[in-house]
Amino acid sequence: MLVIDSLFKTFFPGSVNERRALVDVSLTLEEGDFVTVIGSNGAGKSTLLNAVSGRYTADAGTISIDNRTVNRLKEHRRARYIGRVFQDPMAGTAPNLTIEQNLALAERRGLSRGLGPSLGAKRRERFRTELRALELGLEDRLSAKVGLLSGGQRQALSLLMAGFTKPRILLLDEHTAALDPQRAALVAHLTETIVAQGRLTTLMVTHNMEQALALGNRLVMMHEGRIVFEASADEKKKLTVPLLLDEFAKIKGATFDDRALLN
Amino acid sequence: MIGALELGIIYGVMALGVYLTFRVLNFPDLTVDGSFTTGAAVAAAMITNGQNPVIATLAGGGAGLIAGAVTGVLHTKGRIDGLLAGILTMIALWSVNLRIMGTAKEGSTVAANLPLLRADTVYTPLRDAGLLRTWAGVAVLFVAVMALKLIVDWFLSTKLGLAIQATGDNGPMIRSFGVSTDGTTILTLAVSNGFVAACGALVAQYQGFADISMGIGLILVGLASVILGQAVLGQRFIWVSTFAVVFGAVLYRLIIFYAMRVGLDPNDMKLVTAALVVLALLLPRWGFLKRIPSLRGRGGKVPPRDAPPADGPAPSVDEPVGATAATTPGEGK
Ligand SMILES: Nc1ncnc2c1ncn2[C@@H]1O[C@H](COP(=O)(O)OP(=O)(O)OP(=O)(O)O)[C@@H](O)[C@H]1O
Ligand SMILES: [Mg+2]
């Protein structure tokens, strides 16, 4: 499904600002896996997602989707397989276009965009049905500009758009972080529904440990560019927040010890 | 006065082109100063060499298409800043334009101007029928430019057109849905400059000559048309916007016409144009003409406007937010 093999990424190599954002990261997602990714600031989580989506090119390693290596595919070509939702609610939608126009854009993921009409009665009907499922009343506001929506509404719409065409992979980067707790819960709930309905293979970054435990069937922890802890489906069921914190403290100590040894 | 109207309508073609880059793509394209003259030069040279004026005009537009694509490639593939990419093409075109006009001048490889006074132009049928510089002539030109406006409206409503709109609105987002924004950017710049160059060809034939300096400052004329038109008529819908920019082009010509009437010199017109654009930029800040779209918000893809996000992205809307298409037939008074 999604195979990430020995991925490396260093920013500003060889300079004083050198940042090793990904160090030998390998991760395999089977069809339908929903992996949550946690880790401290600067651990490389966003870099990992950006490398998978093609926004950044990795220095070494391979990424393959359905046994096809996509390393050389540009971001917009990989987009055929990959849906994304970003942390910033402004990032996932076009604010000056209407809700229906945004959905029409999402509907053509990976397909050619020619001179046919972008909207029509049939499409609108489908959009209404899909929007109704969000239970935000957006189905009655098809021709409202998306910029008029609240952050939570926009993020829900982004999520719907990202999953609209059932992409092979869904990448979520702290997509609830900018929302207030109530809206965050709503969007988290929607995430579950959309992932479950489309049986989407998902990689979700979050800083919220509870969320990382509540959602998905697997969990990985990153630290300083590496995957330092992995919980399989069975292991994850038994995990709790204190256990995770413990794990995290251990890892921090370990890397510290490593360094002490090296010196 | 009728002459100013006719010329204003012809310049509407240019305004539609500038609208595509400046408003839709969110890209201030300075190529137009050069490509306008390129269109004029190509058409004038071909007409002088005995070519059919309609074909000559289309070829002029085609040359602009190429010029726009060059700017687009410089910007996207070459990663050169958009303003600089436009300036580079514009300056390069100066030399190219001299050469193009040179092809129609005996005993010379370059020419700074070409007269078209006795040649057949696209306006010859109108002139022969005695319609030029009458209200009928105005009507004919208006219908022609409105047809072009409808084509632009249609184009922007297609799947491709929507992808172009999204490119201007949120590039990273539409890339994540599989659109090559490099492609849409190059295409839009090409189409825009095609319009501008075709307009150059039409203006050269209307005034009876092509001149190397006829495009200087054209970008400001384009901006003035877009900003003035949208300030008066709004920009709620695309079909309103496209009509507004043609209207703005006419309004601009009328302002220039009256400025000359009150004794200003043609040489002062660049100053008048710049002053118009500055006014249009500053007035909204002082609370006049709230409808004038904010140009200062350019740069950020999702510009934080002065207003709270609730009505930020729809600066032209006077009605309460949430009013839908159906409830605003009077939009654009
Ligand atoms: N575009 C970039 N240019 C330079 N350095 C970068 C870039 N993106 C990330 N980095 C660096 O790479 C490292 C990993 O960053 P990344 O954004 O992947 O972390 P993260 O795990 O997503 O952190 P956060 O939880 O804060 O979002 C950091 O040290 C960061 O400074
Ligand atoms: Mg991050």
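Data table
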item: Per-residue ³J(HN,Hα) for segment A:126-138, Karplus 6.51 cos²θ - 1.76 cosθ + 1.60, θ = phi - 60°, Hz, x for Gly and Pro; result: 5, 4, 4, 4, 5, 5, 4, 5, 6, 6, 10, x, 5
item: Least to most buried among A:Leu142, B:Leu20, A:Leu148, B:Leu271 (fewest other Cβ within 10 Å first); result: B:Leu271, A:Leu142, A:Leu148, B:Leu20
item: Listed residue (A:Ala58, A:Leu97, A:Phe8) projecting farthest to the positive dipole end of segment A:1-137, Cβ model; result: A:Leu97
item: 37 °C / 0.692 mPa s Stokes-Einstein diffusion coefficient of segment B:137-292, Kirkwood radius on C-alpha pairs, µm²/s; result: 188 µm²/s
item: Karplus 3J(HN,Hα) series, Hz, for segment B:38-50 with 6.51 cos²θ - 1.76 cosθ + 1.60 (x for Gly, Pro); result: 4, x, 4, 5, 4, 5, 5, 5, 5, 5, 4, 7, x
item: Kirkwood-type radius of chain B, with distances r between different C-alpha atoms, in Å; result: 20.3 Å
item: Dimensions in Å of chain A - Rg and Dmax from alpha carbons; result: 19.3, 69
item: Neighbour net charge for A:Ser26 - beta-carbon separation under 13 angstrom, K R +1, D E -1; result: -2
item: Fewest-first ranking of B:Val42, B:Val240, using other Cβ atoms within 10 Å as the exposure measure; result: B:Val240, B:Val42
item: Estimated FRET transfer efficiency when R0 is 25 angstrom, pair B:Met260-B:Asp81 (beta carbons, to 0.05); result: 0.10
item: Dipole moment magnitude, nearest 20 debye, chain A about Cα centre, only Lys, Arg, Asp, Glu C-beta charged; result: 1140 debye
item: Footprinting exposure proxy for A:Met222, A:Met1 (fewest neighbouring C-beta atoms within 10 Å first); result: A:Met1, A:Met222
item: Calculated [θ] (222 nm, deg cm²/dmol) that DSSP helices of n ≥ 4 give over chain B, each run adding -39,500 (n - 2.57); result: -20500 deg cm²/dmol
item: Computed magnitude of the charge dipole of the protein assembly as shown (debye, nearest 20; Cβ of K, R +1, Cβ of D, E -1); result: 660 debye
item: Reference-scaled alpha-carbon Rg (2.2 N^0.38 Å with N residues) for segment A:187-232; result: 1.22
item: Pairwise FRET efficiency - B:Lys105 versus A:Thr69, Cβ, R0 = 56 Å, nearest 0.05; result: 0.45
item: Segment A:79-208: proportion of alpha-carbon pairs further apart than 17 angstrom, %; result: 55 percent
item: Long-range HN-HN contacts of A:Ala60 with modeled amide H, under 5 Å; result: A:Phe8
item: Taking only Cα atoms of segment A:18-121, radius of gyration then Dmax in Å; result: 16.4, 54
item: Segment B:1-154, Cα convex hull volume normalised per residue, Å³; result: 123 Å³
item: Per DSSP, loop trypsin sites (Lys or Arg not before Pro) in segment B:97-157 with at most 10 further Cβ within 10 Å; result: B:Arg118
item: In sequence order, calculated HN-Hα J values of segment A:14-29 (Karplus, 6.51, -1.76, 1.60; Hz; x Gly/Pro); result: x, 9, 5, 8, 3, 10, 8, 7, 9, 10, 6, 8, 10, 7, 10, 10
item: Cleavage-rule hits (trypsin sites (Lys or Arg not before Pro)) in segment B:6-92: DSSP loop, at most 12 neighbouring Cβ within 10 angstrom; result: B:Lys77, B:Arg79
item: Long-range tail of P(r) for segment B:241-289 (Cα pairs > 11 Å, %); result: 72 percent
item: Leading residue at positive end of dipole, chain A (Cβ point charges), from A:Ala144, A:Ala156, A:Thr176; result: A:Ala144
item: Solvent-free Debye scattering, log10 I(q)/I(0), computed from the Cα coordinates of the protein assembly as shown at q = 0.08 Å⁻¹; result: -0.65
item: Debye, to nearest 20: dipole size of chain B, +1 on Lys, Arg Cβ, -1 on Asp, Glu Cβ; result: 320 debye
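Every number in this text was worked out from the coordinates using simple rules, so none of it is lab data. If you're wondering where the values come from, they're calculated on a predicted model, not measured in any experiment. Don't worry about glycine lacking a Cβ; one is built from the backbone with ideal geometry, like all the others, and counts go over all protein chains shown.
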